[in-house]
Amino acid sequence: MTELTTQRLLIRQWKADDYEPFAAMNADPAVMEHFPALLSRVDSDRTIDRLRSSIDQRGFGFWAVEIRETGRFIGFTGLSVPSLDAPFRPGVEIGWRLAKEAWGNGYATEAARASLAYAFGPAGLDDVMSFTTTTNRPSQRVMERIGMTHDEADDFDDPRLPSGHPLQRHVLYRITRAQWQA
Ligand SMILES: CC(C)(COP(=O)(O)OP(=O)(O)OC[C@H]1O[C@@H](n2cnc3c(N)ncnc32)[C@H](O)[C@@H]1OP(=O)(O)O)[C@@H](O)C(=O)NCCC(=O)NCCS
């Protein structure tokens, strides 16, 4: 089973103890500000089940992230094959969601760098993308810190949201293996 270790973080398969803190972060309006809705406990639990089996199948996915020193679960980071019916499919995305208490420490960027190294190393991918709402600057800053670039021509509307919804417009960032190596 894949586990990634960074200076401060363990990036790993999900475990039983993660369900409760994951549900708490998915019910936090600050964490979910750029998503259409909070997640109920049932939906949050189902999300972990889905992420676990995806990691089992592909060897990568949105991994659980914990702080090595304390063992505290702080959220997820990793690679995923998006199900969204958007213009850029197929491909692999990199993404992250951390509990609010963990923000402002560089943890998302640290875990994202390890995930990119996995993408361009063991997973053998040639490019990775990331997307978020135009409003989500904290997430875009992570994309920029890990060397991803943005071309406005790639931006798109989330097809699941009604026209005019404030979270409908999305930015798409990309990075290729060559850019990552440079
Ligand atoms: C997106 C998200 C993960 C970004 O978290 P974050 O804490 O801002 O990002 P990082 O972990 O990379 O931390 C960077 C910040 O930590 C600061 N920092 C403090 N100590 C640091 C250290 N030792 N190393 C690096 N950065 C450090 C940086 O200066 C930076 O702050 P700034 O953005 O104000 O300049 C977080 O906002 C989140 O979970 N949001 C909700 C979920 C979400 O929207 N996910 C994305 C959906 S697409």
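The values are calculated or read from the model by the stated rules, or taken from the named source; none is laboratory data. The structure presented is a predicted model; accordingly, all values stated were derived computationally and were not measured. Note: ideal-geometry Cβ built from the backbone for every residue, glycine included; neighbour counts use all protein chains shown. What goes into the accessible areas is simple: the full protein's heavy atoms, side chains included, and nothing from ligands, DNA or RNA. Shrake-Rupley method; radii C 1.70, N 1.55, O 1.52, S 1.80 Å.
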Solvent-accessible surface (1.4 angstrom probe) belonging to LYS15, in square angstrom, nearest 10
90 Å²
Spin-label proximity, LEU167 to the stretch 63-94 - amide N less than 16 Å from point 7 Å beyond Cα toward beta carbon
83-85
Need one number: nm distance between label points at THR135 and HIS34, each 7 Å from Cα along Cα→Cβ, rounded to one decimal.
1.1 nm
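Grab the DSSP H runs of the chain that are 4 residues or longer, score each as -39,500 (n - 2.57), total them, divide by all residues and round the 222 nm result to the nearest 500 deg cm²/dmol.
On the way: 5 runs with 54 residues, N = 182.
Rounded to the nearest 500, the figure is -9000 deg cm²/dmol.
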Rg and Dmax of the stretch 4-181, Cα atoms, in Å?
15.5, 46
Distance between modelled label sites at ASP126 and ARG72, nm, 7 Å Cα→Cβ extension
4.3 nm
Give me the percent of the accessible area of the chain that comes from carbon and sulfur atoms, probe 1.4 Å, all protein chains in place.
48 percent
Sorting ARG177, ARG50, ARG68 on solvent-accessible surface, 1.4 Å probe, most exposed first, gives ARG50, ARG68, ARG177
Got a sec to turn the phi values of the stretch 33-46 into Karplus ³J(HN,Hα) couplings, 6.51 cos²θ - 1.76 cosθ + 1.60 with θ = phi - 60°, whole Hz, x for Gly and Pro?
3, 9, 10, x, 7, 5, 9, 5, 4, 4, 5, 5, 4, 5
How much accessible surface does TYR173 have with a 1.4 Å probe, in Å² rounded to 10?
10 Å²
Tell me, what is the 1.4 Å probe accessible area of TRP103, in Å² to the nearest 10?
120 Å²
So what J values fall out for the stretch 61-74 if you push phi through Karplus, 6.51 cos²θ - 1.76 cosθ + 1.60 with θ = phi - 60°, rounded to Hz, Gly and Pro as x?
x, 7, 7, 6, 10, 10, 7, 4, 5, 10, x, 6, 6, 10
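For the chain, what is the accessible area per residue in Å², given a 1.4 Å probe and the full set of protein chains?
Working: 9240 Å² over 182 residues.
Per residue, the chain has an accessible area of 51 Å².
Which of rounded, prolate or oblate describes the stretch 11-107 when judged by the alpha-carbon gyration tensor and an a/c cut-off of 1.5? It would help to have the intermediate numbers written out before the result.
Working: a/c = 1.45, a/b = 1.24, b/c = 1.17.
Rounded, since a/c falls under 1.5.
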